[in-house]
Structures are given as structure tokens and as C-alpha cells.
Amino acid sequence: MSTPSSPSDAAGATGAAGGNGETTLTNLATVREGAPGSATGAALGGLLTASASPPSSAATPVTDIDDAIRAQRVGIGVSALREDGVAKAMGVYPYAADLWAEGLLWGALARSPFAHARMVSIDTRPALAMPGVYAVLTADDLPPGPDGLPNGAPTGPYVADRPILAAEVVRHHGEPFAAVAADHPDTARLAAASILVEWEPLAALTDPDQAFHAPPLHPDGNLFRQLPLRFGDPEVVGEVVVEGMYQVGRQDPAPIGAEAGLAVPRPDGGVELHVATTDPHGDRDRIALCLGIEPDRVRLVVSGIPGATADRDDLGFQATLALLAARTGHPVKMVLTREESFLSHPHRHPALLRYRHHADAEGRLVKVEAQILLDGGAYADVSSEVLASAAALAAGPYVVPHVFVDAWAVRTNNPPSGRMRGEGALQSCFAYESQLDRLAAALDLSPLEIRRRNIMATGDLLPTGQAVTCPAPVRELLDAVADEPLPPLPVDRPDAEWLLPEGPAGAGDPAAVRRGIGYAIGMVPMLGIEGEDEVATASVRVTGSQASVICAAVDPGSGFATLAKQIVQEILGVEDVYIAPVDTDQPAAGPSARGRQTWVAGGAIERAALMVRQQLLQPLAARFAMSPELLSIKDGRITSYDGVLGVPVVEALEGKDLWATAQCRPHPTEPLDPETGQGDAFVGLGFCAMRAVVDVDIDLGTVRVVEVTAAQDVGRALNPRQIEARIEAGVTQGLGLALMEDLAVGEGRVLAPSLVGYRLPTALDAPDIRVAAMIEDRDVVAPFGAKAVGAAPAVVAPAAIAAAVRAATGMPITRLPIQPEDASV
Amino acid sequence: MLPASLDEAVRAMAESPGAVPVAGGTDLMGAVNAGLLRPMALLGLGRVTELRGWQYQDGAALLGAGLTHSRMARPDFAALIPALAEAAATVGPPQVRNVGTLGGNIVSAHPSGDTLPVLAALEATVTLVGADGAREVAVSHLLTGLDPLRSGELLAFVRVPLLHAPQVFLKSGGRTGPARAVASVSLVLDPARRAVRCAVGAVAPVPLRPLEAEQWVAGCIDWDGERTVDPGVAQAFGEYVASACVPDTGSESPVPTTARLRRTVSVLARRALGRALK
């Protein structure tokens, strides 16, 4: 990715004209203590100063970036750099696993070796007898259930069904049933392993198809949700009918850093948790409930997050950590191993999708029938929400007059499923795009043509009866990727080295390589759906020349903190903006998931900043004898509409301390009807189109993705470079699901919970990723008209890559990840 | 313990038989860190410089066990033993290649160890040095446990015959980036003996030699002329090798299935022969 250095890189930036900002922007790239995410420093003292290098040395290697920034402006539409980017690149950024406190103990969890088993008896005495062990906790130490018996203090985002520590029955491999605190991590692990449990293994339910008739695995039953969707006339039949069955594997978020955290007991009997959470307030409330204390006595401080694509830590980890600290009276630190991380955190829902598309002879879609079955794993988590997204978007960004979907999310003894970038939308996208390719083949149309004939635009109806009121420039997106030049063929560049499938010096044979080109379009919902109360609160304060933002929206690497800074710069004309570290003493801003922070928290920051702006302009307006609306802030100056009167922002702020707090609550949505699946369930939708070019070694079935070209509906590009980075991240994650990422499970047991057994894309696997267009069609109801950008690329990339492999091999490609036997001819 | 010479290292091993020698540590330290292995002591071989190079001896190359993969992948080594260089170049990412060693690859004896099929095809031998002196053991005997490493012994050198003829190593990992081999094939020509030697890695706990297929294809080659074979022969050779090395049933994990694995081995063997006779 090139470093933007010309004004053209900031295209679309409204405030990008003129330029006297060169001299004031020099401090942007320095590593600042207390940067977003590094909340650890303040509470624990010394850590940051010890690990972060002084700004002078940090600034040395980035001089050219520094220069690049100097040539730019600040505010919306500019490709500002991440505040913590340099620290992360240099390896001095403190993550949750780097936390330390004086006299800390180490926690460890004892986990189930079975996918489904009854605990006949549990004996913790061997662990307690080990020297150095301070506490051993089981479900007996948690608040009892309504019947007075220990039930493991179940919790969950919607349905409280997942115990913190399993009581009586374990329902998935790796489910924790006891927690240990000891003075050394090895002692803690050994103690956890020494707990004696008499197991009675039970039959594991691993096939979601069997869940309907199998005996219930949980008192709540095996069906999380059933959602029928009835739209149009069921009797209609098309002239051409294509059918397919599709399968999506179990993708793991595989964050760069495994779960880690530190709990410090408070004198009032509460506990302070330093964890890498993405939903601090929600987690605080749920932890307090599990511990049986008031939420105000639990404080969560968000520490450096080593990667999160939606939810990160599972609550069992955080709550047991808090409980260990409260019981022992010592700070307790727990760092999960990679193996534990694979076992415990939520994965993408594996799915089985059966589709039947009806079309007329011209290729116009008449009816879509679908059956969707999601494997939710052992506990409910967000399965019901994921199911709604999958069912409501089952027909894709196409105009279909008749849609009939039956969707189920079921309980099994497989690893837990949950939220993961584009949840629900992704599974459907692979299926409906595969169906469109099938239909194109049946009608002898090109894949582009069949899509153009059915493509959705603003105003069309979703199968839920909701009209798409937001901009839906899907046709423009598809045209943008289709118009891009194709990457050169190796024959055109005989001198350049051709990277074959199987890699450099691998077994690839040019004679067996076929190139394929595939297209896919897809859509994702933005914000919470089905009546979820979306709200965020933010405060903006300006003193002297510095503005600070206090907003509990976590930036897990998505770039929200950078956007927050740009928003304040844009509105107040103040260049020095400090984003306060996040903790639960601040008002809630909700979870960083479903692409909601730019909209909801960004909207709250915008409003707060506008209120401060009003306070700032009012006295000036009085002095100039004009209304505040006639004043504008640009390039660090406040000027009147006619340009005659003006004063620098810094001067106007002198001696002032301005504060404002505001909330943003987007328009409400409604739940889908349980009988017909009808309802206005979505706040907004984001769209993306992609073209993938692949090389397939048709003898070995090995696929190499040569290039992915993306065009995305961004509403408004608040930070173009950051959007490009999000598209690259999404495409790479999507490529992982398409070609290699699948957490292998046998009889409910995770077979290879390691980064050797679970293959992630490497730099050699990642294709060239080009952004053909960021279509800026502002969504009038969203703050700044900006749409969420993170999930859509991850949703569309697997479908595009599968389409390209299909084109190269002529094989149907009905499952993800694509196996070598599917891609060899 | 950090001995500076091979003698010192052997003495140290004799004195503390519980010690585990560590060279690159890419396999060993991973196991130690994961708590799977708790050695009494570690014997660091990093300073034993005599193990890190190679020399010539009676028409063979005597390779130090401490040769790193990245060293073996360099062009000067590739001119000497091309297949070993190719195998070394495909081992893991550069970080692993920079520290991982030839000796470590043999001693770890991982089924998908990349240098193992090459050494098997080359019929290499290793020199094991113990307190009672050195002895020479065929790599295949060491790997199959026919003649295992004894207590207190160090793997010091690997003797590889220099064949001065095309050699190929091909590996399929199923992706473009570095990967563990699903299957690998090494094929070397031995014009002096008019023989083709082939070994298949990763499909069994040790590299397998399809001896009948080797003999058959050696008979099809016109050794005095162009040294080429008919594409049909290459195809048949691939299938011959695959059916010899991948049994009909008994594959432990269902993925990749037997049929799939056979196909991969057959394609690799066919391509290997094609490249060797090019």
C-alpha cells in the first residue's frame, strides 16, 4: 500500500483544500503514552514507561510517513494514521498479556476432555494440597441457581445458558469446570490437571441434523431458534430451476494474541478487571451477575487488544478471573494457551444450506427457496441473531418476488459458535452466489449478466418486506469491479517469475494450471437488528488547544479511535485530539461488533462535538453581531460566511474549558415475525462486489488466489486508507475460509487446536488486493453518511473465490473451505 | 551446557545421559514450551562449529548435522545435492529455515520432515558419535528404529553420495504459503548404476521406497541416449509409486482420503520423473 502523499489520495475530502497545516502536524506520528487501548499504564503504573520507547527514537524510522502526513490535512476524508500504529509495528505496544501487578497470582482453568459427559464426582483436594496453590474454584463456589443447587452461574448475551464453570454436565470439548490460582503459572496448570473427576462420558451430538430428534443436551432444548420466512406466492414456479446444497466450515477468529487478563481485587469487595474485551459494559454487567455483586463494584478497564473480529474473550474466562481475585484477595493474571483459545472462544457458525432458485427464460429470478441449518455449538450465544441475518438476507442483493426460507439454529456438542465478522450474512452469501453461477450455467449466460438482470437498487424490497431505503449502489459496484483490467497472464510476462499454486519451488506445474475469474456480490446488516436498543454516549472536552474524547467504544484494531479523532478535528478545528482509554466508569457505548461504532459512537461524538462547537461560536457570534450559523471552522480558523471576520480556533479557545456529552440512538427496528419472518429488522445495509482471479493446479487441486478486486459501498470514506486496510483484512480472512481455515472436529473433540493444525493464510497465500472503487453515496440517516466497512469484504470474498475456482475447474464447488478433491479435475 | 567442540559435547552427553541436545530447537523448544517435554538438561550445540559445515570424502559429501536449512538452500549447496537444497528451501518460513538444522530434521523424525525422503532416496548414512567411538548407520535404519540412536550418542554427520545427475524434490502442502507436506516425493538418478531411486515422504511414519517401481522405470530409460521416457511411462510410474506407497485402507484421518492421497503422490511422482529427465 502506498503512502498517500498527493491531494488525490484524499479524494472526497470536503476539508481538503488549502494548506497551512504543515507546521502544526509534526507530532502526529509520535507514540503517545495513554494511547487508545493502553489503559494499563494509568492503573498499573510503570508498565508503559518501561516498555514504550521514548518518542524521539520511535519517531526516527517514520520520518517519511511524518512528511507524508505533514503534506495532508486533518479531519474527515483524510487517511490519518493510527495513533498506536507505530508502537504496534515496533513491538512496544502493551497488550493484555503484558499486564503485571505486584504480588500477582496465576490462574488456570481445568477443562473437559470430553465433548459431552457427566461429572459424577469432583475432588479438588489434590490441587489444594499442592504447595503454592491459593484457591481452587468449581461451580459450587458460584452463586446457586433458582432451586438452590449450583448451576455454574449461566450467562450469555441473550439467553443465560452457558455456565461460567460447568456444573454436573460438560457440553463441549474444553468447557471449563474448575479454576485454580497459584503463585506460578506452571503450578496453576499442574494443579488444574491434578483435579480428580469421575467422568461418565455421554454420547456426543455432533451432527446438527440429528439435533431435532436427539434427547435435549440442555434444559432449554436443542433448538435455539426456528425462523420461517414467507414472502410472496409459494405456488409460483420458474421456467428454469437450479438446486444446490452448500456447506460452510468452522472458521476460528484466531486472534493474534490469545485471551489474557488481570484481575485486581478492590477494598470494597469488588474487582477491577484489565481485559481485552470489545463490550466492556455488557461484560461488566454479566460478570457482576455471575459473581452475585452489584455492577458498580466491578470495573473493567480495556487493555491492549491483540486482534478481535467481533466478540473476543468468552465470559467464562473473565468471570472466573474476577472470582479468583475476589476469593484470594490477590491480583490474578491468566493467559490462555493457544490450545485453550481454540477450544473456548466462539467460532463462525458451520452451516448447511439447501437452495432452489427459480428463474424465467431470460434469467430473471422468480422464486428462491432455502433451508438453512446453523450449528450453534453447545450454548446459545448469539445464534438467534445470526440466524435472522442468514434468513433475512438469504436471497442476496437481488430482486426476488417470492422468497421462502426455513432456518434453524441448533444446539450440538461441537465447539461454541458466536459472532464473527459478517456472521449469518456470510453463509448465505456463499450459497446464493453459488446458485447464481449455477443459474448462469443453466441459462448459458455470463455470471455478470445474470447478476445484472436481477440486481437490487435503492427502494427494492427485502424478503422481510422491508424496503431498502439506504443507498444500494450494487450495480455500480459490480460494474466497477468488472471494468477493472485483469491481471496479466504469465504468458504476457515471460520474464517475471510466476508464483504457482504450491508456492515458490513447490510442486506446481505450469502445464496443469488453469486460471479462473469469479464474481460475487453480497450485503451485510449494520448495527443490531430486530429491535436491539442501539445507543452510545460520548463526551467531548476542549481546553486550550487540546480536545479530549471520552467514549467507551473499544477500538479492537478497527480504527475507530482514529475516526473519533478525525471527527473532532473536522468539527472543532482542533488538531490535538486525545482519545481517553476506555473503562466502565465512562458511560456505555455498546459492543464493538456488527459495524456499529462508526455509526453509533461516531454519531455520539459528532453530536457532543457540535454542542461544544456551539458553545465556542456563540460568544464570537455575539461579538461579530451575527448568528453562529454564519460562522465556519476551517483550517484551524473560525471565519464568517463572507470571509471578512475571522479568528484562529486556538485564540478563540484561550482560557476556555468546554464540555458536552451527547447520545446517539439510531432509529428503532422491529423483530421479525416468528410465523412469516416479516418486519423492518435492519437499520442499514452495506454492499460489496468482488472479482477474484485464481490459478488452480487441476492435478493437485491446489488453489492460489492471484488477485481480488473489490468495490465497496462506503457511504462516505471517512479515512480512505483505513477502509483499504479493512478491505484487505476482510479479503484475507475470507480467503482463509475459502481455502484453508477449518477447525477440524472429530466426535465433538477439536482435533488440532494449534496454529499448525489450523492453517491461516500467510503472506504468500494473500493475493494482490485492489480497491476498484469506494462508492460514496451518503446514507442520510448515518452520521456523516458513512457506512460500516469491516464485515462486507469478509462476507463476499469466499463466494468470489469459490466462483473463480468454479470457473477454472468446471467443478461445482459446494463447500468451504474448498478441498483439493473439489478443485482437481 | 554449551560445549565448544564435538568431543566436549560427546563427553557432556556421557556425563549426563538425561540431557537432550538442542541445535535449532524449532521442534524441541516448542514441545518444551508447551509442557510436553521436561528434559533434565539441555545440551546446546550452537557453538560446535565443526558440525555446521560440510566436506568431501571419497566421492561423498560429509554434511554437519548443524547445517541449517537456509544454508542448504543456497546455490553452492544446490549445485552439490540439488534435491536436498530443494527440500531445505521448502521447510517452513524463513525464520524456521534460519535456525532449523539437518540433524534436527532427522532426529525429530517427523513423518512430514522434508529432508527425510531425500536422504532416503540418496541412501545417505549418518555418523553417530558416542563415548565408545563413532558408528555409521543408514538413515533408513535409524528412522525405522532398526538401529536406533543409543543413549549418550550424538548425530554428528550425514554422508551423502555425490551422484552428479539430476535430482528432484517435490512437495505438496495444499497451499501457496509454507505448509507441512501432505505428501512429498524425492527422485534421484544414479547414472553410474543405471538406477532411479525414489522415496515418498509424509504418507507414512517413515519415507517409503517403491523399489519395484524404481526398477521398472530404470529399465524404461535409455541411459546412453537422451535419457527421456514416454509420457505414458511417467504416468504409469506415478500410479505405480502411488499404489505402492499408499495402502488401500488404514488411513488414520479421513482427510485427505486414500484416493486423494494416491492421486497426489501419483502426480508428484510423475512430475518428479518428468523434471529429472528433462
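The values are calculated or read from the model by the stated rules, or taken from the named source; none is laboratory data. Remember, predicted model here, so these are calculated numbers, not experimental data. Every residue, glycine as well, gets a Cβ built from its backbone with ideal geometry; the counts of neighbours run over all protein chains shown. These accessible areas exclude ligands, DNA and RNA; they are computed on the full protein's heavy atoms, side chains included. Shrake-Rupley method; radii C 1.70, N 1.55, O 1.52, S 1.80 Å.
Remarks
- For A:Arg759, distant residues with modelled amide H under 5 Å away: A:Asp742
- Applying the Karplus relation 6.51 cos²θ - 1.76 cosθ + 1.60 with θ = phi - 60° to region A:238-247 yields 3J(HN,Hα) values of x, 6, 10, 10, 10, 10, x, 10, 10, 9 Hz, where x marks Gly and Pro.
- With all protein chains kept in place, the per residue accessible area of the protein assembly as shown amounts to 37 square angstrom at a probe of 1.4 angstrom.
- Spatial separation of Cα centroids for region A:229-281 and region B:213-234, in angstrom: 57
- Amide H to amide H distances under 5 Å link A:Ala681 with A:Glu670, where only residues 5 or more positions off or on other chains count and H is placed in the peptide plane.
- Divided by 2.2 N^0.38 Å, where N counts the residues, the Cα radius of gyration of region A:285-384 comes to 1.69.
- Vicinal HN-Hα couplings computed from phi for region B:153-159 (Karplus, 6.51 cos²θ - 1.76 cosθ + 1.60; Hz; Gly/Pro x): 9, 10, 7, 9, 9, 10, 9
- Averaging over all projection directions, the Cα-based convex hull of chain B occupies 15.0 nm² in the image plane.
- Distance between the pseudo-spin-label points of B:Arg38 and B:Gln235 (7 Å out from Cα toward the beta carbon): 5.9 nm.
- Taking 19 Å as the straight-line reach from the Cα of B:Lys278, the lysines in range (excluding those fewer than 8 positions away in the same chain) are B:Lys171.
- Cα-Cα separations in region A:760-825 greater than 18 Å, expressed as whole percent: 55
- Residues whose amide H comes within less than 5 Å of that of B:Ala183, counting only those at least five positions distant or on another chain, are B:Ser172 (H built at 1.01 Å from N in the peptide plane).
- Solvent-accessible area assigned to carbon and sulfur over region A:751-823 amounts to 56 percent, based on a 1.4 Å probe.
- Cα-based Kirkwood hydrodynamic radius, region B:119-179, one decimal, Å: 13.6
- A Stokes-Einstein calculation at 25 °C with viscosity 0.890 mPa s, built on the Kirkwood radius of the protein assembly as shown over Cα pairs, returns a diffusion coefficient of 77 µm²/s.
- As a size descriptor, the averaged projected area of the C-alpha convex hull of region A:707-825 was calculated at 9.6 nm².
- With Rh defined as the Kirkwood radius, the inverse of the mean 1/r over Cα pairs, the Rg/Rh of region A:618-671 is 1.20.
- DSSP-assigned coil residues among chymotrypsin sites (Phe, Trp or Tyr not before Pro) in region B:172-271, each with at most 16 further Cβ atoms within 10 Å: B:Trp223
- Restricting the trypsin sites (Lys or Arg not before Pro) of region B:122-197 to loop positions (DSSP other than H, G, I, E, B) with no more than 14 neighbouring Cβ atoms within 10 Å leaves B:Arg150, B:Arg193, B:Arg194.
- Projected over every direction and averaged, the convex hull enclosing the alpha-carbon atoms of region B:50-161 yields 6.7 nm².
- Calculated on alpha-carbon atoms, Rg and Dmax of region A:67-195 in Å: 22.0, 69
- Reach of A:Lys634 by Cα under 19 Å, taken over aspartates and glutamates that are not fewer than 8 positions away in the same chain: A:Glu22, A:Glu570, A:Glu575, A:Asp576, A:Glu606, A:Asp642, A:Glu651, A:Glu654
- Extent along principal axes [Cα atoms of region A:467-557; Å; largest to smallest]: 64, 42, 25
- Delta accessible area of at least 40 Å² on complex formation, residues of region A:798-825, 1.4 Å probe, chain isolated as reference: A:Glu821
- Heavy atoms of chains B and A lose about 2000 Å² of accessible surface on contact, summed over both sides with a 1.4 Å probe.
- Rh by Kirkwood over Cα pairs, then Stokes-Einstein D for region A:535-665 at 1.002 mPa s and 20 °C, µm²/s: 143
- Residues of type aspartates and glutamates that A:Lys333 reaches as a straight line, Cα spacing below 14 Å, ignoring anything fewer than 8 places off in the same chain: A:Asp98, A:Glu102, A:Asp183, A:Asp186, A:Glu259, A:Glu272
- Distance cut-off 16 Å, percentage of C-alpha pairs in region B:167-276 lying past it: 55
- Region A:600-690 - convex hull of the alpha-carbon atoms, volume per residue in Å³: 180
- Taking GluC sites (Glu not before Pro) across region A:443-503, the ones in a DSSP loop with at most 16 further Cβ atoms lying within 10 angstrom of their Cβ are A:Glu497.
- Region A:327-382-region A:92-150 distance, computed between alpha-carbon centres (Å): 28
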